[in-house]
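Here is the structure we will look at, set down as structure tokens.
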Amino acid sequence: MSKDSISRRDFLIGAGAATAGLWLMGQELFAAEAEGTPATGPAVALGVIGLGEQGRNLLTALSKVPNASVVAVCDTYEPAHKKALEIAPKASAFTDYRKLLEQPGLEAVLVATPTLQHKEITLAAVAAGKHVYCEAPLSSDLAEAKAIAQAGKGSSKIFQTGLTLRSNPIHKHVLQFMRTGVPGTIALSRAQWHKKQSWRRMAPTNEREAQLNWRLQKATSSGLLGEIGIHQADVMNWYFDTPPKTIRAFGGIRKWNDGRDVADTAQAVFEYPAGFNYLYDVTLVNSFDAAYEEVCGSESAVAIHGQRAWMFKEADSAMLGWEVKARKDKIMDETGIALVADATKILAAGGDPATQGGVEPGKDPLYFAMEAFCNSVRDGSKPLADAIAGYIATVTAVKANEALVNGSEISYQKEWFDLA
């Protein structure tokens, strides 16, 4: 490799300072901006139910959102309260979610319990007249997922699902390129999620350990494709404005032979109605190349890696005009045109989109999802990750896991996605 070229992985790790964006030329491609300005009004009074790892992640994200105020937390396991209250010290702690829902002044509830507990708690929160954020998938059981989605769709309050990439500025920005046809005719799309970890949680007692490790058993989990793959599958559903047509999936236990019956590695091939395939792989065995989404078309490829994105044009593709002033990054043998969200904000602040990124350090997709939820509660705007999107993503992912478990190809039926 020459001194002028860097490896793809080294680039993705070290290119934060070098990443830059497209010059704003007054085109619609720059319409997608982050929900970065809090809606007017007092901070939203929130309660978080489920104080495991994801619940604490939500609390940490909320602690950074200007118009969020966590006033209550809940978990049936009382020792979990201590860590939660370290993050949200002004909150009251409960072991019964029904007591939390009765708290005066509570406006909104975030449900971060194990997936199998979503239905009971979410339906109760909707019935209590609360704004609700429910983690994805809605359920591993599609009948339960449908009941949750119907309640959310019919609620007069805000209902947002935990499809965090829909609120992420860079994913929203790239959506504009997809919708304006920049990639050309789609040949294929692909994504991955790689992170070496066992998924197993340790606990003081066998009973508590069994409760924590619900994701490791088929009876209580939709596996890697359901619990992790749902987020990137939803990106593809969102970008292509349709769920897939068929799914084939493969996988098994490659390393973590510890009594689990859920695969630690899986691959899936989703066929979309337009005829191209979305290729996905996910593993708990290796961390190389982390997570990304890519779409390859006849005119260009678009790649999203973390909070950075690039367009790679084909040699015979037409000039679009704005790319002349865009920053070019060398990635191995390819030249990527850097795409940056929030270009208008950068210009308004006197900055240059061609020399800086648009996402502030320390803000990740979960932060933006929390910010979007609080803003929707205050201004009444419809969440991008609403009940319908959450249900379609859940059907997509749960059926993918079913194809993996049964070793079969599944054709998605239109009626599966119907919430009527």
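The figures follow:
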item: Reachable aspartates and glutamates from Lys157, criterion Cα separation under 15 angstrom, eight or more residues apart if same chain; result: Glu107, Asp379, Asp386
item: Simple label model, 7 Å out from Cα along Cβ direction - Asn57 to Thr76, nm; result: 2.2 nm
item: Qualifying trypsin sites (Lys or Arg not before Pro) for the stretch 77-153 [loop in DSSP, other Cβ within 10 Å: at most 11]; result: Lys90
item: Distant-in-sequence amide H partners of Gly297 (H built 1.01 Å from N, under 5 Å); result: Ala187, Val302
item: Straight-distance crosslink candidates among aspartates and glutamates, where the alpha carbon sits under 19 Å from Lys313 and sequence neighbours closer than 8 are dropped; result: Glu293, Glu294, Glu299, Glu323, Asp329, Asp333, Glu334
item: Order of Glu86, Glu294 under a 10 Å beta carbon neighbour criterion, fewest first; result: Glu86, Glu294
item: Among the listed pairs Lys130/Lys245; Lys90/Lys363; Lys130/Lys153; Lys363/Lys399, those beyond 25 Å (Cα-Cα); result: Lys130/Lys245; Lys363/Lys399
item: Point-charge dipole on Cβ atoms (K/R +1, D/E -1) for the stretch 44-165, about Cα centre, debye to 20; result: 280 debye
item: Ser298-Glu334 FRET efficiency (beta carbon distance; Förster radius 22 Å; 0.05 resolution); result: 0.85
item: The chain, relative contact order [Cα under 8 Å, separation at least 6], %; result: 25 percent
item: Members of Lys99/Lys218; Lys83/Lys119; Lys119/Lys382; Lys195/Lys218 lying beyond 27 Å, as alpha-carbon distances in this model show; result: Lys99/Lys218
item: Kyte-Doolittle mean at least -1.0, axial Cα span of 27 Å or more - DSSP H helices of the chain; result: 387-406
item: Rule-of-thumb Rg ratio for the chain [Cα; 2.2 N^0.38 Å; N residues]; result: 0.99
item: Cα lying deepest toward the dipole's positive end in the stretch 44-165, options Gln54, Ile158, Asn67, charges on Cβ; result: Asn67
item: Within straight-line cross-link reach of Lys414, aspartates and glutamates at Cα separation under 16 Å, skipping those fewer than 8 residues along the same chain; result: Asp241, Glu271
item: Amide hydrogen neighbours beyond the local backbone of Tyr133, cut-off 5 Å, H modeled; result: Val109, Leu110, Val111, Gln160
item: Share antiparallel - DSSP beta bridges, the chain, percent rounded to 5; result: 60 percent
item: Residues Asp96 and Asp379, FRET efficiency given R0 of 30 Å [Cβ-Cβ distance, rounded to 0.05]; result: 0.40
item: Rounded Å value of the spacing that divides the Cα centres of the stretch 269-287 and the stretch 363-420; result: 17 Å
item: Relative contact order computed over the stretch 44-165 (Cα-Cα under 8 Å; 6+ residues apart), in percent; result: 23 percent
item: Size of electric dipole in the chain: Cβ of Lys, Arg +1 and of Asp, Glu -1, about Cα centre, debye, nearest 20; result: 580 debye
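None of the figures in this text is laboratory data; all of them are computed from the coordinates on show. Source: prediction; values computed, not measured. FYI the Cβ positions are ideal-geometry reconstructions off the backbone, even for glycines, and counts take in every protein chain you see.
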